[in-house]
1. In what sequence do 141, 181 fall when counting other Cβ within 10 Å, fewest first?
2. So for 159, 136, 122, fewest C-beta neighbours within 10 Å to most, what's the order?
């Protein structure tokens with residue numbers, strides 16, 4: 001019969017705990033790390049390394065003078081924001097969309113006035129709503145007229161909070177009846 005002394009029992013228990021700890025990798029956590037008393041899951045992403053496919057010699061022989069292919073690089077189109085504009089950045093960010101819509105209707109000379117009315121109506125906030133009338137969006141369309149205006153401008157089903165639909169419906173309305181639909185002029 002084997003007698004265990006207290007020292008042997010402690011060493012045996014410690015060995016067992018270290019072995020158990022080593023085999024489980026930080027206890028029950030698995031893919032988690034404990035930091036500041038909270039569990040954080042570790043995510044491991046493996047990137048695949050592309051392998052080269054050998055080119056058959058018959059293909060290599062067929063190319064006498066390979067011509068390098070030039071791919072054009074797209075140039076970013078900067079958004080011009082007039083720093084000294086009285087309307088501010090929130091309104092100016094819509095200028096290129098307004099300019100395009102006005103050009104489609106042949107109303108390019110109304111650009112500055114359109115921007116001024118937008119500033120007056122919504123300060124350039126596409127989510128603006130008038131608490132009294134319910135008028136909505138950049139150019140503050142009244143809800144009961146919105147569906148007809150959006151459809152006529154080619155944006156059937158669009159929300160008045162869609163800034164592009166709101167701009168185009170406003171330009172369509174401007175083309176049909178001038179500035180009479182807006183109080184801000």
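All of the numbers you see were taken from the coordinates with simple rules; none came from a lab. Because the structure is a prediction, the values reported are computed rather than measured. Note that each Cβ is placed from the backbone with ideal geometry, even for glycine, and that neighbours are counted across all protein chains shown.
1. Least to most surrounded, the residues fall as 181, 141.
2. 159, 136, 122
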